[in-house]
1. Relative contact order, percent, of the stretch 82-187 when contacts are C-alpha pairs under 8 Å separated by at least 6 residues?
2. Taking the Cα centre of the stretch 148-299 as the origin, how large is its charge dipole in debye, to the nearest 20, when only Lys and Arg (+1) and Asp and Glu (-1) carry charge on their Cβ atoms?
3. Ranking request for peptides 111-119, 27-35: highest mean number of other beta-carbon atoms within 10 Å first, then the rest in descending order.
4. Over the chain, give the accessible area per residue in Å² for a 1.4 Å probe, as an integer.
5. Ranked highest first by average number of other Cβ atoms within 10 Å, how do 384-397, 11-24 line up?
6. If I ignore ligands, DNA and RNA and count only protein heavy atoms, how much of residue 258 is accessible to a 1.4 Å probe, in Å² to the nearest 10?
7. Can you give me the C-alpha center-to-center distance between the stretch 218-265 and the stretch 418-479, rounded to a whole angstrom?
8. With a 1.4 Å probe and all protein chains kept in place, how do 72, 39 rank by accessible area, largest first?
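The values are calculated or read from the model by the stated rules, or taken from the named source; none is laboratory data. The structure presented is a predicted model; accordingly, all values stated were derived computationally and were not measured. Don't worry about glycine lacking a Cβ; one is built from the backbone with ideal geometry, like all the others, and counts go over all protein chains shown. Accessible surface is based on the protein model in full, side chains and every heavy atom, while ligands, DNA and RNA are left aside. Shrake-Rupley method; radii C 1.70, N 1.55, O 1.52, S 1.80 Å.
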Amino acid sequence: MRAHPVDAPFALTLTERNSERIHDLCPRAESFGLQRGMTLVHARSFCPGLLTRPADPDADQRFLRLLARWATRYCPWVGLDGRDGLFLDITGSAHLLGGEAPLLDDIRARLARAGLSARLGLAGTPGAAWALARFAEGIAPPGESLSRLGPLPLSALRLADQTCTSLERLGIATVSDLHNLPRATVARRYDADVLRRLDQALGATGEQISPLQEAPGFAVRLTLPDPIGLLDDVMAGTRRLTGHLCAQLDKAQKGARMLRLTLRRVDQESQAVELRLARPMRDPERIAALFERGVGAVDAGYGIDMIRLEAVEIEALGMRQLDRAQNREKDSLDDLVTQLGNRLGLENILRFQPVDSHIPERSFTLVPAAGSPPAPAWPSRRRRPLRLFAPEPVIASGSGVRQGGEPPPRFRWRGRSLTTAQAEGPERITPAWWENDDSWRGGLRDYWRVETGEGRRLWLFHTPQAPRAPGWYVQGEFA
């Protein structure tokens, strides 16, 4: 079902400054006195029948970039003009379509076939072209910029609304009025931007506008004279492509995080093998080896006649200077995470990351092993257990608790009788008063490292502020 335009005042709204405001509007809505930036409540008081839809600025920018890419059919130099316009430098290109007027006609016709309406202005300066596109659509021949821009309002010079209002109160309403004033008078009364915009529009001052830069693409392709189907042959082509692709990445000091290998069969069907890497990489041998499992699962059909390798996601990757043993160990770990991640999902491969907290339960967190930054040093130099679990009570036996709050000489834990051989401590840890943690409502804790005669090395604590005989708990076990 195709949507048709509605013959009614229409506007796009956007929430700004805690109120819903008009982001853009049609000419009919403007005829009711509505303007951009006006609150929706205020706008409906002027036009009760106003139709609105929420605006999507991000989608608008994506579309404008696509339109800029399309506009390169007319010239290689295309830049963005704010949120709703494009600048095209057609120097040396207009004669290819028969002149400036036929070029504008061709642009307008092609956009109309796509369902788009546009306002076009052509002049010798970006400022004059901007003014014509928005206030007097057409062409300003060389040397006639002032005659074409003169009758236009001051806002055609891209001046701030407050500046235009201030000038209009003095009877200066058009570009010609401003141009006829003594420059010294304007410079004393107003900001330098007024004369700068006037000079830019008339060509007295140059204006630099940067063209839209396309992100560099990293892709290589191998077209085969005869179809291949054996795994060894396909992998040989893959290794050849990875070498060329990694050479490109090395020149740009980039590393691939995601690669896509596309295999096209002779029946024009294509199959893709995607490889998500644990860390940015540009080592051709390692990348080719990681592709082997995915390539082996591809159905070659009657043969493959084209192989294409593309780096879909890239990141900056500088030079590493590590000793060979450490480098090999790190690479092996990254390859293992990559292989497991492509089967289980990289987001499911986790590792522990230290956290700057003196509370044992909060001194670490789980983060994805792929892409997470190197772990910082532990915030405390104190030894911590290899295994940490929820506190488990112990039952003191024999002569009870030693003097001075030391661990009991004998106790039962998890159904086993244990004897304290050595004890080191205490390490007092206070709760985080600013956090509501039920497990720490008992107050501060005194932790001891206890080595038992039975060989277990435990982390015990008790709460010395308890009014009754302090209870002991095990919260971890050392290696």
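1. Details: 89 pairs, mean separation 16.9, N = 106.
Normalised by residue count, the contact order of the stretch 82-187 is 16 percent.
2. The dipole magnitude comes to about 520 debye.
3. In decreasing order of mean packing, 111-119, 27-35 become 27-35, 111-119.
4. 60
5. Answer by packing, highest mean first, reads 11-24, 384-397.
6. Surface open to solvent at residue 258 totals about 10 Å².
7. Going from one Cα centre to the other spans 58 Å.
8. So the residues, ranked largest to smallest area, are 72, 39.
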